[in-house]
1. Could you look through region 229-241, keep only residues that are free of Cβ contacts under 8 Å to residues at least 24 places away in the same chain and either closer than 15 Å to residue 312 by Cβ or surrounded by 15 or more Cβ atoms within 10 Å (Cβ to Cβ) (or both), and pick out the one that is nearest to the chain's Cα centre (by Cα)?
2. Against the definition (out of contact with any Leu (no Cβ under 8 Å at 6 or more places or on another chain), farther than 17 Å from residue 26 by Cβ, of a type in the set (D, E, K, R) and in contact (Cβ under 8 Å) with a residue 12 or more places away in the chain), how does residue 99 come out, yes or no?
3. Evaluate the following for residue 294: is it modelled with pLDDT of 95 or more, open to solvent by 40 Å² or more (accessible area, probe 1.4 Å) and either of a type outside the set (A, V, I, L, M, F, W, C) or part of a loop (DSSP other than H, G, I, E, B) (or both)?
4. Based on what the data block shows, is residue 100 open to solvent by 30 Å² or more (accessible area, probe 1.4 Å), hydrophobic (A, V, I, L, M, F, W, C) and either more than 17 Å from residue 131 (Cβ to Cβ) or more than 24 Å from the chain's Cα centre (by Cα) (or both)?
5. Can you say whether residue 347 is modelled with pLDDT under 95, of a type outside the set (A, V, I, L, M), touching a Ser or Thr at 6+ places or on another chain (Cβ under 6 Å) and in a loop (DSSP other than H, G, I, E, B), as far as the supplied structure shows?
6. Would you be able to say whether some residue in region 118-132 is under 26 Å from the mean Cα position of the chain (by Cα) and without any contact (Cβ under 8 Å) to a residue 24 or more places away in the chain?
7. Of everything in region 264-291, what is open to solvent by 30 Å² or more (accessible area, probe 1.4 Å) and of a type in the set (A, V, I, L, M)? Give them in sequence order.
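The values are calculated or read from the model by the stated rules, or taken from the named source; none is laboratory data. From a predicted model like this one, the values you see are computed outputs, not experimental measurements. Note: ideal-geometry Cβ built from the backbone for every residue, glycine included; neighbour counts use all protein chains shown. These area figures cover heavy atoms from the full protein model, side chains too; ligands, DNA and RNA do not enter into them. Shrake-Rupley method; radii C 1.70, N 1.55, O 1.52, S 1.80 Å.
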Amino acid sequence: MPERIKSQSSRQALRLKRFVIASSTYALGLLIMALCGVLGLISTDQVLLIGLAFLVVNVGLFAMFRSGVNLRFADPSMTRLQVCVAITMVALVLVVGERIHFLAVPFYSAIFVFAMLRLTPGALVGVELYVLATYALALAIRYWRFAGLLDSRNEAIEAVLVVFSSAWYALAAGYIGTLRARLRESVKTIEQLAIRDALTDTWNRRHIDALLRAELQRKTRIGGALCACLVDLDHFKSINDRFGHLVGDAVLRRVAQTLKTELRLIDQLGRFGGEEFLVVLPGASLDDARACAERLRGSVADLTMLVDADDRVTVSIGIAECEAAEDYEPFLARVDAALYRAKRAGRNRVAIAAPRRPAIDPGVSAPA
């Protein structure tokens, strides 16, 4: 199964799981309704009516998740829709039952707790306005249905509680939502720090290793071409010794930036060691990889970075094409062996790794 489909399927399963958890609050609400019926606060017919409404709503939402209709929405989790439906259900409860108005505040509180986990502060303001509008409508219908039976003082107190508690929950939820957004940004920053090399702004060793392993697994599943290059700065130790480590760091940054500009969007570049970079080339044939490596070598050789223009920074590059069913270690060993062949051949050149069963001399290409 393609990675994108698997990822979409897992996200959909998570949405369905969250919906089932949210639906448990409906079950709790229905249990409370049944208890009110036992205590004589509401009739059995009214309990059944509310229970039927709860069932229809949940079955409908469940069907939308199972059928994938939710994926057509801007928010596939349908959080806002679920929240608005729940608020409407609270209004229905207030309209149906004369003596169960006290349930409004706890029900609204549960809804806001659910909403604050997904909605933005702006969306929560909209939820607050919808609560007030539906509650005002429910209150008007209550006075029409139960004219002369309601205690205006109790209704007024309950209305004040609903207004202020829902406003408080909306503000608190908005604040928590803002904190969650900041937390997400912080997590993203930490994730980037964990996978990027701070000096060169390329992937670090752990992440480029993981990317190469992922491409090897992909090739095993679906086939296709895959090549990798090891790029090593020639005589980098002498640069540090002669010009200092600050200049050496600047050279590494400049070389990394130059390499990035010569790669495709799907290619991956990571710092593999002190002055070594690993380039992963998905879908590239050996000829493609050789041409890419020559571009990288030539672009670095054209740079002028040191005080003495005669002191050129050059790189040696080893290339290997992944063979069928080749694992990470032997593949990388062939890339590394090709790099050392390039260095032994005089540096500032590209060498191609021998196949696991070499038939011909792969040769070494010298700079023109």
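1. Restricting attention to region 229-241, the residues satisfying the condition of being free of Cβ contacts under 8 Å to residues at least 24 places away in the same chain are 237-238, 240-241.
This time we only want the ones that are either closer than 15 Å to residue 312 by Cβ or surrounded by 15 or more Cβ atoms within 10 Å (Cβ to Cβ) (or both), so: 238, 240.
On the way: 238: 43, 240: 40 Å.
The qualifying residue nearest to the chain's Cα centre (by Cα) is 240.
2. Numbers: out of contact with any Leu (no Cβ under 8 Å at 6 or more places or on another chain): no; farther than 17 Å from residue 26 by Cβ: yes; of a type in the set (D, E, K, R): yes; in contact (Cβ under 8 Å) with a residue 12 or more places away in the chain: yes.
Judged against the criteria, residue 99 is not a match.
3. Values: modelled with pLDDT of 95 or more: yes; open to solvent by 40 Å² or more (accessible area, probe 1.4 Å): yes; either of a type outside the set (A, V, I, L, M, F, W, C) or part of a loop (DSSP other than H, G, I, E, B) (or both): yes.
Here the answer is yes, as residue 294 does meet what is asked.
4. Working: open to solvent by 30 Å² or more (accessible area, probe 1.4 Å): no; hydrophobic (A, V, I, L, M, F, W, C): yes; either more than 17 Å from residue 131 (Cβ to Cβ) or more than 24 Å from the chain's Cα centre (by Cα) (or both): yes.
In short, no.
5. Details: modelled with pLDDT under 95: yes; of a type outside the set (A, V, I, L, M): yes; touching a Ser or Thr at 6+ places or on another chain (Cβ under 6 Å): yes; in a loop (DSSP other than H, G, I, E, B): yes.
For residue 347, the condition - modelled with pLDDT under 95, of a type outside the set (A, V, I, L, M), touching a Ser or Thr at 6+ places or on another chain (Cβ under 6 Å) and in a loop (DSSP other than H, G, I, E, B) - is met.
6. The answer is yes; a qualifying residue exists.
7. 265, 266, 286, 291
Here is a yes/no grid of residues against (1) open to solvent by less than 20 Å² (accessible area, probe 1.4 Å); (2) more than 30 Å from residue 150 (Cα to Cα):
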{"residue": "27", "(1), (2)": "no, no"}
{"residue": "51", "(1), (2)": "yes, no"}
{"residue": "78", "(1), (2)": "yes, yes"}
{"residue": "85", "(1), (2)": "no, no"}
{"residue": "105", "(1), (2)": "no, no"}
